[in-house]
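Worksheet for the structure shown next.
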């Protein structure tokens, strides 16, 4: 299915209504953290973890740390790691991990030999790719019919990212090349023969009593104003005033928006997208 079945150009009423129905149907409230959400999808499944190499992989988390691959290994019935970093893959293999060296944009034979997979996990990967469509195309090839691609990626609609754009503050990982947004993921899924079946957001900000959140926000703002009056400024900002606010600061308006939209919409730090391969594929 494609928007082209509903209109003659992407801004036509039929095309927009088609995409609106897609996104409304897939909108989901994910409970828990990014890691716990991924673990639920990986539980007792045969999983391919794309981009498994971590700079701190030698620190085995045992399912308790922040390295996503260890959590997937612990939750899955079988987990194969995949990465293009040949040195990292060798080190992981020497440490006892089941991993494959391959480039998702190149020869997939080493991966296909290990498949098909029930789930493909791509944690914080798509925003680094020069050709993000390749991730979806690869997943469609290696997934079994009915299998799922689980993508986690920075949420472009989180309040502090919106403020960073408005204020000219640079703090995002500098090798990110794109932000993934729901309509764009749905379009790439359509082009690849997958379907966007779930999406939502998780992570920061954590739920706290609203009164406490508002008080902390005002206190941080007052502290930044006092520091600016003494000549200190935010070195990451191009703005004239450049208040030295913490990167995690949310304004009272942001906090009210998050509270009103916490259970709907993308207001948390990390987006999660689940794409499904058709059973008859």
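The values are calculated or read from the model by the stated rules, or taken from the named source; none is laboratory data. Only a predicted model underlies this, so the values are computations on that prediction, with no experimental measurement involved. Glycine gets a Cβ as well: all are built from the backbone with ideal geometry, and neighbour counts include every protein chain shown.
Summary table below
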read-out: Tally of residues being out of contact with any strand residue (DSSP E or B) (no Cβ under 8 Å at 6 or more places or on another chain) and either closer than 18 Å to residue 190 by Cβ or not assigned by TED's automatic domain parsing to the domain that holds residue 273 (or both) across segment 108-137; value: 5
read-out: Positions within segment 183-197 being closer than 13 Å to residue 27 by Cβ and either in the same structural domain as residue 249 (by TED's automatic domain parsing) or buried (at least 20 other Cβ atoms within 10 Å of the Cβ) (or both), in sequence order; value: 185, 186, 196
read-out: Test: residue in segment 164-174 that is assigned to a loop (DSSP other than H, G, I, E, B), modelled with pLDDT of 85 or more and assigned by TED's automatic domain parsing to the domain that holds residue 269; value: yes
read-out: Lone unmet requirement of (1) over 21 Å from residue 130 (Cα atoms); (2) modelled with pLDDT of 80 or more for residue 272; value: (1)
read-out: Residue that is surrounded by the most Cβ atoms within 10 Å (Cβ to Cβ) [pool: residues in segment 146-158 that are touching a strand residue (DSSP E or B) at 6+ places or on another chain (Cβ under 6 Å) and part of a strand (DSSP E or B)]; value: 149
read-out: Single unsatisfied condition, residue 115 versus (1) under 25 Å from residue 280 (Cα atoms); (2) at pLDDT 90 or above; value: (2)
read-out: Subset of segment 19-48 [over 27 Å from residue 3 (Cα atoms) and assigned to a helix (DSSP H, G or I)]; value: 34, 35, 36, 37, 38, 39, 40, 41, 42
read-out: Some residue of segment 106-126 being under 17 Å from the mean Cα position of the chain (by Cα) and part of a helix (DSSP H, G or I); value: yes
